[in-house]
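The values are calculated or read from the model by the stated rules, or taken from the named source; none is laboratory data. Keep in mind that this is a model prediction, so the values were computed, not measured. Positions of Cβ are generated from backbone atoms using ideal geometry, with glycine treated the same way; all protein chains shown enter the neighbour counts. Protein only, heavy atoms only, side chains kept; ligands, DNA and RNA dropped before computing areas. Shrake-Rupley method; radii C 1.70, N 1.55, O 1.52, S 1.80 Å.
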Amino acid sequence: MIQVFKKEFKTYFVSPIAYIVITIFLALSGWFFFSTFFIYNQAELRSFFSLLPLMFSFFIPAVTMKLFSEEFNTGSYELLLTMPLSTKDVVIGKFLAAEAFVFIMLLPTISYGIFISLLGDLDWGTVIGGYVGALFLAAAFSAIGLFASSLTRNQIIAFIIAMAICFFLTLIDKILFFIPSLLLGLFQFLGADYHFQNISRGIVDSRDLLYFVSVCFIMLYATTLIVEEKI
């Protein structure tokens, strides 16, 4: 598993795609955040964290789309199987590499908090809660992206499938007025943004943690079954 993690993590930074993804993410998140920050003039990162689910729905599928689809397309997965690794090791190693990449992508945004703390009294407790929630959200979306990548040899199709699922989970709690009242609780629980916003406000609720852990487990287990089926 560690071997797969190291290989995938290094691979991200061999090509220019990683640097392009990180640069575009920082440019867009910085632009959207600071354009509203100077309007409301409040020392907080709430608007940055409120954007993350939508931005992750686009950027994380771009990070994960090649993890299995490229290997299936080029046949390099057979080479990986010659190593003393189980399918579970490969899946978890790739998942951890994607999560580590998102962690690296988020690191420069800490400078937003440092900058704001120089201008006002920033509540670092909610900022830490926001980053903890962001890592849980990134883990769930990375697992979804890995699952989508295992379904097809085509990276673009993998990207579209993962993005559609991530957008659905992000936006589902925004359309609750279309949902019958009996199903409101269920659809609200399915919303990734609902659970992320709870954690980012510093609310530690076991139901929010259970949600993200469950999404990761279900997606990674399904990915393992699909990959074993294709071997």
Compare 181, 35, 149 in a GNM of the chain, Cα atoms joined below 10 Å, and give the one with the largest fluctuation. 181
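What's the local net charge at residue 193, with K and R +1, D and E -1, over the other residues with C-beta under 9 Å away?
Values: positive: 174; negative: 173.
Charge balance in the 9 Å sphere: 0.
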If you place +1 on the Cβ of every Lys and Arg and -1 on the Cβ of every Asp and Glu, how big does the dipole about the Cα centre of the chain come out, in debye to the nearest 20? 260
Apply the Karplus curve 6.51 cos²θ - 1.76 cosθ + 1.60, θ = phi - 60°, to the phi angles in the stretch 98-115 and return the couplings in whole Hz, x for Gly and Pro. 5, 5, 5, 5, 5, 4, 5, 5, 7, 3, x, 6, 4, 4, 4, x, 4, 4
Amide H contacts of residue 153 (H built 1.01 Å from N, under 5 Å, at least 5 apart or other chain): none
Derived scalar couplings ³J(HN,Hα) [the stretch 55-63; Karplus, 6.51 cos²θ - 1.76 cosθ + 1.60; whole Hz; x for Gly, Pro]: 5, 5, 4, 9, 6, 5, x, 5, 6
How big is the accessible area of residue 206 in square angstrom, nearest 10, if you roll a 1.4 angstrom probe over the protein chains? 90
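Counting only protein heavy atoms and using a 1.4 Å probe, what share of the accessible area of the stretch 126-200 belongs to carbon plus sulfur, as a whole percent?
Details: 2600 of 3280 Å².
After summing per-atom areas, the C and S share lands at 79 percent.
Could you provide, to the nearest whole Å², the per residue accessible area of the chain with probe 1.4 Å? Walk me through the intermediate numbers first.
Values: 11760 Å² over 231 residues.
Accessible surface, normalised per residue, equals 51 Å².
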Through the Karplus equation 6.51 cos²θ - 1.76 cosθ + 1.60, θ set to phi - 60°, convert the phi angles of the stretch 141-149 into ³J(HN,Hα) values in whole Hz; use x for Gly and Pro. 5, 5, 5, 5, x, 5, 4, 5, 5
GNM on the chain, Cα springs under 10 Å; top mean-square fluctuation among 161, 22, 110 goes to 110
Ellipsoid semi-axes in whole angstrom, largest first, where each is sqrt(5λ) of the Cα gyration tensor of the stretch 160-231: 25, 16, 11
Residues of type aspartates and glutamates that residue 230 reaches as a straight line, Cα spacing below 17 Å, ignoring anything fewer than 8 places off in the same chain: 70, 71, 78, 89
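Which order do 99, 229, 44 take by accessible area at a 1.4 Å probe, largest first? Intermediate results must be reported in sequence, preceding the final value.
Values: 99 35, 229 150, 44 65 Å².
From most accessible down to least: 229, 44, 99.
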Between residue 186 and residue 205, what is 0.36 nm times their sequence separation minus the Cα-Cα distance? Round to one decimal in nm. 5.2 nm
